[in-house]
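Below: the structure, in structure tokens.
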Amino acid sequence: MTAAVAVRRRAGTLPAGFFLLLVAISAVTPDLFTPYDPYATVPAEKLLAPSAAHVFGTDELGRDQFTRVLYGATHTIGITAAAVGLALIAGLVVGVLSGLTGGWPDIVVMRAVDVLVSLPRLLLALLIVTAFGFGAVPTTVAVAAGIFPGLARVARAETLKIRTLPYVEAARAGGASWLRSAVRHVLPHSWAPVLALALLDAGTAILVISTMSFLGLGPPPPAAEWGGLIAQGRDHLVAAPWLTLLPGVFVGLVLLSLDHLVRSLGRDVP
Amino acid sequence: MTRYVLGRIATALGTLWAVYTVTFVVLYLLPGDPVTQLLAAGDVAAESLSAGQLADLQARYGLDRPIHDQYAHHLWRLAHLDLGESFTRNVPVSGLLADRLGPTLALGALAVLLAVAGGGAIAVMAVSARSGVARFLLRRLPAAGVSFPPFFVGLLLIQIFAFRLGWFPAVGSDGWRTLVLPAVTMAAPAAAMLAQVLTRSLDRTLAEPWVVTVRATGLSRFAVVTRHGLRNAAPAAVNVLGLLLGATVAEAVVAETLFSRDGLGRLVQEAVLDQDVPVVQAVVLVAGAAVVAINLVVDLIHPMLDPRVTAMRRAG
């Protein structure tokens, strides 16, 4: 199904895609969308309610909350993109090679993948940051480790379907090496379902990243990730509920849009 | 059947061993020295200690021995349910786990009950509602439920039910009242997932030809859903329930941290912040063991729920 059909088939796909596009752009150049500095404190303007000047209000140090959400996107979206990219490459390589090889290496690799799948993603991520520290790179690896097994499984399943098709056999018979047939003939046909799953996993990645910074494992202050912003608002739940509410709704909308987009692209997802 | 059961048990034990190996490789084998990490967490630079002091620390936790020796030693201890000593608390890890397991189990049990009740109710209402608007809303609600971060849901609950209405306390672990809000926090995404799977399964069942026959005998749509639909949806629901039960410890990490409750979840959160390697490893192992045990149970009760599974196996 083409993207155009998908857009027409479901209402809300266009706004969801547009919103995600804006969020992605704001992650790259947050200063395009806001005149404020995310770290400039203005004590006179602390804990202001949302207004035209401060869409999401201001925090306890007078910093514009909307600006902080936009700058937080740089961290969240950056790590999400890196982690999903890493998991995608690892998943495709492991899945396609394992499926093509077959035999006992395939069994061993897939058993290992089963074990990784059986561990809850958050705990796997906590395990990895315990070993490597809390920086951006360990977080990326930690998030990627939780996504990669699912992608490897799908990539392998697709490979198994494709490798017995006559054209792959013809390529091999025509003298294409094993590696060439994997890269040129199997990979281009197996990555589409993997990519759809990866897009859905981007939502999971955002959830895990913001949960980790909620648990105190995010970037150190004054930088703030979405989860960290929501968690900080906790101290002002009574006086300034918007500090928690608006960033939370924002994150929810991002995830809801992603979910809607993936479903519209026609993949039946659990 | 005995062969099937024994095979599943052997697989479960193998998976458990593999989970242990993964934790060992990540925590002890990969670059990054546990002692340096531990000192860094306590704001002590490793350089400020003499070589002798470092060696003492290494020896104390058995980190100076060859890696295969450590692995064998740890595995041997684990077989005797000895999980070593906490780096920062200086007490045996097994004792810590025993203390914190109870509250997490209570929280998890209540959360699962709420999730089953909530998810089931939403699914049944979504497929039997007559009004189009209600159907649409009930079908979209679960997607929203899994899209909001659980800690945000928890904060909303605190804001409404603890601060505004004052019905339940916002923090603490004493008494049943402190159990409610964290359990709802854990149950919300679980109920949403369950509702999604159940709704899909009920839709499929209701589209089958025999439903027309049953309806023709005079059974209402609601009765068809509750008497026949749910039974057909049970295997899929049990699968999801297994996943949710297995994730209890992971879900509890957020709920217990947010509500300052004692339990395995907060234990592991604190241990990660303190770089307390043995405690992190132990909690991950407990969570892994829970997943393995639940998968085993799901595999074993599956044939009972869906006779077709056994029938197909016999037919080969």
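The values are calculated or read from the model by the stated rules, or taken from the named source; none is laboratory data. Bear in mind the structure is a predicted one, so any value in this text is a computation, not a measurement. When we count neighbours, we look across all protein chains shown, and the Cβ atoms used for this are built from the backbone with ideal geometry, even at glycine. Calculation scope for accessible area: heavy atoms of the full protein, side chains included, ligands and nucleic acids excluded. Shrake-Rupley method; radii C 1.70, N 1.55, O 1.52, S 1.80 Å.
A few comments on the model shown:
- Residue that is modelled with the highest pLDDT, among those in segment A:102-136 that are within 15 Å of the chain's Cα centre (by Cα) and farther than 19 Å from B:Ala18 by Cβ: A:Leu122
- Filter pass, B:Asp262 being among the acidic types (Asp, Glu), in the same structural domain as B:Val116 (by the TED database), in contact with a helix residue (DSSP H, G or I) (Cβ under 8 Å, 6 or more places away or on another chain) and over 28 Å from B:Phe148 (Cβ atoms): no
- Check on A:Leu86, open to solvent by 70 Å² or more (accessible area, probe 1.4 Å) and in contact with a Pro (Cβ under 8 Å, 6 or more places away or on another chain): no
- Test for B:Glu251: is it open to solvent by 10 Å² or more (accessible area, probe 1.4 Å), over 19 Å from B:Val153 (Cβ atoms), within 10 Å of chain A (Cβ to nearest Cβ) and not basic (Lys, Arg): no
- Residue, farthest from A:Leu124 (Cα to Cα), within segment A:198-230, restricted to residues that are within 7 Å of chain B (Cβ to nearest Cβ) and assigned to a helix (DSSP H, G or I): A:Ile230
- You will find that of A:Ala81, A:Ala40, the residue that is open to solvent by 60 Å² or more (accessible area, probe 1.4 Å), more than 15 Å from A:Val251 (Cβ to Cβ) and either at pLDDT 75 or above or not in a helix (DSSP H, G or I) (or both) is A:Ala81 and no other.
- Flag if B:Arg200 is of a type in the set (Lys, Arg), closer than 27 Å to A:Pro247 by Cα and part of a helix (DSSP H, G or I): no
- Exactly one residue out of A:Leu207, A:Leu215 is of a type in the set (A, V, I, L, M), closer than 26 Å to B:Leu267 by Cα and open to solvent by less than 10 Å² (accessible area, probe 1.4 Å): that is A:Leu215.
- Residue in segment A:238-249 that is open to solvent by 20 Å² or more (accessible area, probe 1.4 Å), assigned to a helix (DSSP H, G or I) and free of Cβ contacts under 8 Å to residues at least 24 places away in the same chain present: yes
- Taking residues in segment A:165-187 that are closer than 12 Å to A:Leu97 by Cα, and partners anywhere that are of a type outside the set (A, V, I, L, M, F, W, C) and open to solvent by 60 Å² or more (accessible area, probe 1.4 Å), the pairs with Cβ atoms closer than 7 Å and at least 6 places apart or on different chains are A:Ser181/A:Arg172; A:Val186/A:Arg163.
- Residues in segment B:259-274 that are at the interface with chain A (Cβ under 8 Å from one of its Cβ atoms) and open to solvent by less than 10 Å² (accessible area, probe 1.4 Å): 3 in all.
- Of all the residues in segment B:205-236, those that are open to solvent by 20 Å² or more (accessible area, probe 1.4 Å), free of Cβ contacts under 8 Å to residues at least 12 places away in the same chain and assigned to a helix (DSSP H, G or I) number 8.
- Selection status of B:Val279, within 11 Å of another protein chain (Cβ to nearest Cβ), touching a residue at least 60 places away in the same chain (Cβ under 8 Å) and within 16 Å of the chain's Cα centre (by Cα): no
- Selected residue (only one of A:Thr74, A:Thr67, A:Thr34 is in a loop (DSSP other than H, G, I, E, B) and under 28 Å from the mean Cα position of the chain (by Cα)): A:Thr34
- Take the conditions (1) in a loop (DSSP other than H, G, I, E, B); (2) touching a residue at least 40 places away in the same chain (Cβ under 8 Å); (3) away from chain A (no Cβ under 11 Å); B:Ala111 misses just one of them, which is (1).
- Restricting attention to segment B:34-68 and to residues that are modelled with pLDDT of 65 or more and in a loop (DSSP other than H, G, I, E, B), the residue that is farthest from B:Glu85 (Cα to Cα) turns out to be B:Ser50.
- B:Ala290 being in contact (Cβ under 8 Å) with a residue 24 or more places away in the chain, open to solvent by 20 Å² or more (accessible area, probe 1.4 Å), in a helix (DSSP H, G or I) and facing another protein chain (nearest Cβ under 10 Å): yes
- Residue-level analysis places B:Leu141 outside the set of residues that are part of a helix (DSSP H, G or I), open to solvent by 20 Å² or more (accessible area, probe 1.4 Å) and under 17 Å from B:Ala252 (Cα atoms).
- The set of residues from segment B:293-308 being touching a residue at least 40 places away in the same chain (Cβ under 8 Å) and in a helix (DSSP H, G or I) comprises B:Ala293, B:Ile294, B:Asn295, B:Leu296, B:Val297, B:Val298, B:Asp299, B:Leu300, B:Ile301, B:His302, B:Leu305.
- Hey, A:Val262 more than 24 Å from B:Leu198 (Cα to Cα) and β-branched (Val, Ile, Thr) or not: no
- The residues in segment B:114-158 that are within 11 Å of chain A (Cβ to nearest Cβ), in contact (Cβ under 8 Å) with a residue 12 or more places away in the chain and over 27 Å from B:Phe259 (Cα atoms) can be counted, and the count is 0.
- Scanning segment B:59-80 for any residue that is more than 16 Å from B:Val284 (Cβ to Cβ), open to solvent by 60 Å² or more (accessible area, probe 1.4 Å) and in contact with a Ser or Thr (Cβ under 9 Å, 6 or more places away or on another chain) turns up nothing.
- Residues satisfying the criterion are absent from segment B:237-258 (criterion: touching a Phe, Trp or Tyr at 6+ places or on another chain (Cβ under 8 Å), in a helix (DSSP H, G or I), without any contact (Cβ under 8 Å) to a residue 60 or more places away in the chain and not β-branched (Val, Ile, Thr)).
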